[in-house]
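Heads up: the structure comes next, in structure tokens.
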Amino acid sequence: MGEIHVTFLGSGDAFGSGGRFQTCIYVDAGATRFLLDCGASSLIAMKRQGLHPTLVNAILLTHLHGDHFGGLPFFILDAQLISRRTNPLTVAGPPGLESRIRDSMEIFFPGSSRMQLRFPLQFLELEEKRLTTIGPSRVTPFRVIHESGAPSYALRIECEGKVIAYSGDTEWTDELLPAAHGADLFICEAYFFDKKMKYHLDYETLNTHRTALGCRRLILTHMSEDLLSRVQTLDVEYAQDGTRIVLK
């Protein structure tokens, strides 16, 4: 079992708070490399970090909002026209992801969804609480509370003897407990410091459940200007664009 390297290519919210890129987390597990979410700015963030898109074997989506999947039209076009990808790509996420992605491609670049691709592209729908094998990784989705026109998930990924859990966007739900329990790393959104908002978590609420989560390491992401202005007062790690974590 080797090391796993986690890089926050984008740690921001939908609105560029703090000048951050939208959600995109790169996981290099040696035998496989995947993205957790792929917000609209992801391709820019990848190239700024010197990460070649063809290294990515899979993209795992938590839900179908633009700041979490909107980079796919650009990623697929880059793969076809610029990176000239030939290796297979799997895109996995909630039911309906293929039609939403293809519709987005047609809106941004008419005709692009009907291109004959030079690489195999697989869309894989994840079912709630059903473990799915994607390459050498095992992925289990948990239904969370976030309206996106399709089910929204927290993801638990087992790979190389390690577990990474990721909340996606959600207000507090007890479904986060089995998703995060025993995880080597739990990546969790915290949008506000203490303001309660439907469909999103705040730091204060998350902190009340911190012990119950049972994860080995917790790091916050997807923060608004409100929380970013108070990060120095937090007693938990928080991500920035470019933050790198090594799981040994």
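Structure notes:
- Odd one out for residue 3 among (1) within 13 Å of the chain's Cα centre (by Cα); (2) at pLDDT below 95: (1)
- Qualifying residue in region 216-235 (condition: assigned to a loop (DSSP other than H, G, I, E, B), touching a residue at least 60 places away in the same chain (Cβ under 8 Å), more than 27 Å from residue 97 (Cα to Cα) and of a type outside the set (Phe, Trp, Tyr)): no
- Residues in region 218-240 that are more than 21 Å from residue 154 (Cα to Cα) and touching a strand residue (DSSP E or B) at 6+ places or on another chain (Cβ under 8 Å): 226, 227, 231, 234.
- Residue that is surrounded by the most Cβ atoms within 10 Å (Cβ to Cβ), among those in region 146-197 that are touching a residue at least 40 places away in the same chain (Cβ under 8 Å) and of a type in the set (Phe, Trp, Tyr): 153
- Residue count for region 1-27 under the criterion of being of a type in the set (A, V, I, L, M) and surrounded by fewer than 24 Cβ atoms within 10 Å (Cβ to Cβ): the result is 4.
- Long-range neighbours under 6 Å by Cβ, at least six apart or interchain, first residue closer than 17 Å to residue 187 by Cβ within region 56-68, second of a type in the set (A, V, I, L, M) and in a loop (DSSP other than H, G, I, E, B): 67/14
- Members of region 137-178 that are of a type in the set (Gly, Ala, Ser) and closer than 21 Å to residue 243 by Cβ: 154, 165, 167, 168
- Residue count for region 236-248, restricted to those that are modelled with pLDDT of 95 or more, of a type in the set (D, E, K, R) and part of a loop (DSSP other than H, G, I, E, B): 1
- Subset of region 31-54 [hydroxyl-bearing (Ser, Thr, Tyr) and out of contact with any Lys or Arg (no Cβ under 7 Å at 6 or more places or on another chain)]: 32, 41, 42
- Of all the numbered requirements in (1) under 27 Å from residue 246 (Cβ atoms); (2) among the aliphatic types (A, V, I, L, M); (3) modelled with pLDDT of 95 or more, residue 79 misses one, and that requirement is (1).
- Restricting region 182-197 to residues that are in a strand (DSSP E or B) and among the hydrophobic types (A, V, I, L, M, F, W, C) leaves a set whose member that is modelled with the lowest pLDDT is 197.
- Identity of the residue in region 198-248, surrounded by 17 or more Cβ atoms within 10 Å (Cβ to Cβ) and among the charged types (D, E, K, R), that ends up nearest to residue 27 (Cα to Cα): 241
- Applying the criterion of at least 1 residues that are over 17 Å from the mean Cα position of the chain (by Cα) and either surrounded by 15 or more Cβ atoms within 10 Å (Cβ to Cβ) or in contact (Cβ under 8 Å) with a residue 12 or more places away in the chain (or both) to the strands (runs of 3 or more DSSP E) found wholly in region 87-141 leaves 121-125.
- Flag for residue 133 being closer than 24 Å to residue 72 by Cα and either at pLDDT 95 or above or not small (Gly, Ala, Ser) (or both): yes
- Single match in 165, 154, 179, 150 (criterion: assigned to a helix (DSSP H, G or I) and either under 16 Å from the mean Cα position of the chain (by Cα) or under 20 Å from residue 24 (Cβ atoms) (or both)): 179
The values are calculated or read from the model by the stated rules, or taken from the named source; none is laboratory data. Values in this document were obtained by computation on a predicted structure and should not be read as measured data. Methodologically, a virtual Cβ is constructed for each residue, glycine included, from the backbone with ideal geometry; neighbour enumeration extends over all protein chains shown.
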